[in-house]
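Please read the structure below before turning to the comments.
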Amino acid sequence: MSQIETPAPTTAGAAEPSERVARFKAEIAEMRLRDPKASRDRVWALVGLVLMVVGVIVAFAGFFISRGATTAFNSQGPAEQRDAIALAVAGVAVTVFGAAMFIRYSFAQFLRFWLARLIYEQQAQTDRIVEAGKG
Amino acid sequence: MSPVDHPPMLEFRDVRAAYGRIEVVHGVDLVVPSGTVVAILGPNGAGKSTLLKVACGLLPPTAGDVYIAGRRITGARPDELARAGLCLIPEGKGIFPNLTVRENLRMSTFTGKSLDEIEDVAFTRFPRLGERRTQVAGTLSGGEQQMLAMSRGLATDPALLLLDELSMGLAPIIVEELYEIVAQVASDGVSILVVEQFAQTVLGVADQAAIMTHGTIVAVGPPSELAGDLSTAYLGAGSATDVATTR
């Protein structure tokens, strides 16, 4: 670690803080900050991934249970089959929810930038077409 | 007037930063007093640009903290800092090459200023851009592209300006022209942290300079005092002790 202190400014470069600088300092002071160490984005993305996998397993388990429920020796077959189908549907729902969570916490920040750029370029393109139409 | 009453505009406290497992900034302490120009000089790969990325929130530090006006801003989002008035003009200009000059300037209207106001500021400082307002930015010369990048930055009315390798790939006469603008901006009271590999021009503008090698600051002081240390740092002196002994 370097322990070198910056000396005080020596030239007249240290101007009186302008109104802009004062406003900047005020905005920084009022800024709501998250502790980066407390960021849970990665954890939520991982939870989403786990839910996806668990959902798929549950859905397949439901499918196989439903297939095995209707045998000649099982009088409860249709009821068990309905339960298994419900379980499979719940598994699919968990998978969809997990996928949504995973996308939200892993790709969202990256995609937001490209979306903003795409919107701007489309607007600019529209403006150009409109101007060309006027001419 | 105590330092507590008037904290520095920007301060790095034992900042460490890494790309994956590779640490490139190894505990940097640096202060940018309010209203001054501080230059970070050093050879390629010293960690200078990484330090700027940490300052503007693009890269979270692995340890240590960044303070702006006495407030710890470690973990702040870059867009929040940009809205408040911190502006980074990145290495490689950071313009949209497939948009025209005017369209690039329009990208700065997120601050709430009208395009006319932004153009007025940009074309007053850089009349050449005014002549090329409908030209696609990718077809401008390197100097004009850098002017456009600066115009976009200055249009946001920054209070703290971070400049990364302003002179990269430009002719010396263009670099001098750009640093004249930097001096004008500084005289308006804007605090500026500038990173440069090529020292000559920036030392004429800076109030303070720091030499950075191998991810650490090895010397800090007025430009006149550091000029002699530069060649030592660039030619392989890797530690503060090495540079200190050359004085």
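The values are calculated or read from the model by the stated rules, or taken from the named source; none is laboratory data. In this text, all values refer to a predicted model and were calculated from it rather than measured experimentally. Methodologically, a virtual Cβ is constructed for each residue, glycine included, from the backbone with ideal geometry; neighbour enumeration extends over all protein chains shown.
Just to be sure I understand, how many residues within segment B:171-216 are more than 14 Å from chain A (Cβ to nearest Cβ) and of a type in the set (A, V, I, L, M, F, W, C)?
9
Would you mind stating whether B:L193 is crowded, with 23+ Cβ neighbours inside 10 Å and within 21 Å of B:G92 (Cβ to Cβ)? Don't jump to the end; show me each part of the working.
Working: crowded, with 23+ Cβ neighbours inside 10 Å: yes; within 21 Å of B:G92 (Cβ to Cβ): yes.
Considered against the rule, which asks whether it is crowded, with 23+ Cβ neighbours inside 10 Å and within 21 Å of B:G92 (Cβ to Cβ), B:L193 comes out as yes.
Taking segment B:111-129 on its own, how many of its residues are within 14 Å of chain A (Cβ to nearest Cβ) and touching a residue at least 24 places away in the same chain (Cβ under 8 Å)?
Qualifying residue count for the region: 3.
A:A132 fails exactly one of the following numbered conditions: (1) assigned to a helix (DSSP H, G or I); (2) surrounded by fewer than 12 Cβ atoms within 10 Å (Cβ to Cβ); (3) modelled with pLDDT under 80. What is the number of that condition?
The number of the failed condition is (3).
Which of the residues spanning segment B:96-113 are buried (at least 22 other Cβ atoms within 10 Å of the Cβ) and of a type in the set (V, I, T)?
Hit for segment B:96-113 is B:V101, nothing else.
Have a look at B:T36, B:T74 and point out the one that is over 27 Å from B:T201 (Cα atoms) and within 12 Å of chain A (Cβ to nearest Cβ).
Exactly one residue qualifies, and that residue is B:T74.
Quick check on segment B:88-119: of everything there that is under 20 Å from the mean Cα position of the chain (by Cα) and of a type in the set (D, E, K, R), which residue is modelled with the lowest pLDDT?
B:K93
Tell me the residue from B:I95, B:I89, B:I68 that is touching a residue at least 24 places away in the same chain (Cβ under 8 Å) and within 8 Å of chain A (Cβ to nearest Cβ), please. Show your work before the answer.
Working: B:I95 fails: within 8 Å of chain A (Cβ to nearest Cβ); B:I89 fails: within 8 Å of chain A (Cβ to nearest Cβ).
When all the criteria are applied, what remains is B:I68.
Out of (1) modelled with pLDDT of 85 or more; (2) surrounded by 15 or more Cβ atoms within 10 Å (Cβ to Cβ); (3) assigned to a helix (DSSP H, G or I), the odd one out for B:I173 is which?
Exception for B:I173: condition (2).
Conditions (1) of a type in the set (S, T, N, Q); (2) modelled with pLDDT of 80 or more; (3) out of contact with any helix residue (DSSP H, G or I) (no Cβ under 6 Å at 6 or more places or on another chain); (4) surrounded by 15 or more Cβ atoms within 10 Å (Cβ to Cβ), marked per residue:
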site: A:T70; (1), (2), (3), (4): yes, no, no, no
site: A:A90; (1), (2), (3), (4): no, yes, yes, no
site: A:V94; (1), (2), (3), (4): no, yes, no, yes
site: A:R104; (1), (2), (3), (4): no, yes, yes, no
site: A:F107; (1), (2), (3), (4): no, no, yes, no
site: A:F110; (1), (2), (3), (4): no, no, yes, no
site: A:Q123; (1), (2), (3), (4): yes, no, yes, no
